[in-house]
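As structure tokens, the structure follows; a few thoughts come after it.
All of the numbers you see were taken from the coordinates with simple rules; none came from a lab. This structure is a prediction, so every number in the text was calculated from the model and none was measured. Positions of Cβ are generated from backbone atoms using ideal geometry, with glycine treated the same way; all protein chains shown enter the neighbour counts.
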Amino acid sequence: MKLSTEQRLHRILQRLADPGAILRGSLLHRSIRHARGCRTCADGGGHPTWILATGYPGKRIHQQTLRPHEVPLVRRGLANYRRLQKVLEQVCEFNRQQLRAARQDQGHD
């Protein structure tokens with residue numbers, strides 16, 4: 001059974017992530033080392049930490065230190081952002097195909 005235009009678009013849009021649960025950026029794992037006064041750092045270990053790094057056009061990259069319990073939430077938000085990007089690309093491609101089909105129906109190529 002062939003789906004109608006509206007049904008195909010609806011099926012694509014159903015894949016959208018909750019827009020309130022998205023994050024853009026990169027999740028980085030780093031070790032922070034103090035200059036002096038810390039035995040862990042003096043021994044060369046450092047303190048492992050997670051960072052959410054987000055770049056903005058024409059501005060510096062904003063880095064936010066995360067607590068361990070925030071890391072899974074950030075991972076989900078980043079995955080939702082990638083999923084949203086993918087769905088938006090599919091919608092744009094669908095709309096481009098519809099525009100082209102409408103032109104061909106009118107006899108223009």
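Numbers at a glance
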| read-out | value |
| --- | --- |
| Output for segment 14-64, where each listed residue is hydroxyl-bearing (Ser, Thr, Tyr), over 22 Å from LEU84 (Cβ atoms) and in contact with a Leu (Cβ under 8 Å, 6 or more places away or on another chain) | THR49 |
| Pair list, Cβ < 7 Å and 6+ apart or interchain, from segment 52-73 residues that are free of Cβ contacts under 8 Å to residues at least 40 places away in the same chain to residues that are charged (D, E, K, R) and not in a helix (DSSP H, G or I) | THR54/ARG24 |
| Contacts under 8 angstrom Cβ, first residue in segment 89-104 being touching a residue at least 24 places away in the same chain (Cβ under 8 Å) and surrounded by 11 or more Cβ atoms within 10 Å (Cβ to Cβ), partner of a type outside the set (A, V, I, L, M, F, W, C) and not in a helix (DSSP H, G or I), 6 or more apart | GLN90/ARG15 |
| Subset of segment 12-29 [loosely packed, with under 12 Cβ neighbours inside 10 Å, under 15 Å from LEU88 (Cβ atoms) and not acidic (Asp, Glu)] | GLN14, PRO19 |
